[in-house]
Amino acid sequence: MSYHGIIGYHIPDFFEKLAAIWNSIQGHSDLPAIAASGSNVYVVWFDNTPGNFEIFLRKSVNKGDIFGSTVNYSHSTGDSIAPTIAVSPNNF
């Protein structure tokens with residue numbers, strides 16, 4: 001798992017929450033990546049829950065305390081794999 005910009009977060013609690021997200025995924029998942037800016041935390045990964053590999057995203061606006069719904073970020077008919085993510089103070 002790669003992670004960037006999460007200094008200042010309570011790491012054990014943060015990774016426990018990420019493990020809960022990871023364990024809730026129904027398909028085969030791999031290569032999660034994390035990026036953070038300010039209070040915003042983004043997690044991306046790929047999995048085959050919809051029948052082909054897609055890239056998914058979840059966002060937290062409160063330093064990872066609560067993550068929003070899973071978003072299918074790639075919406076492709078073929079396979080999408082190996083996501084990466086970078087953030088800036090105003091965007092990702």
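Nothing in this text is a laboratory measurement; each read-out follows from the coordinates by a stated rule. Since the model is a prediction, treat every value here as computed from it, not as a measurement. So basically every Cβ, Gly included, is an ideal-geometry build from the backbone, and we count neighbours across all protein chains shown.
Structure notes:
- Distance (nanometres) between label positions extended 7 Å along Cα→Cβ at A19 and T77: 4.1
- Once the Cα-Cα distance is subtracted from the 0.36 nm per residue extended length, the H28 to T84 segment shows a gain of 18.4 nm.
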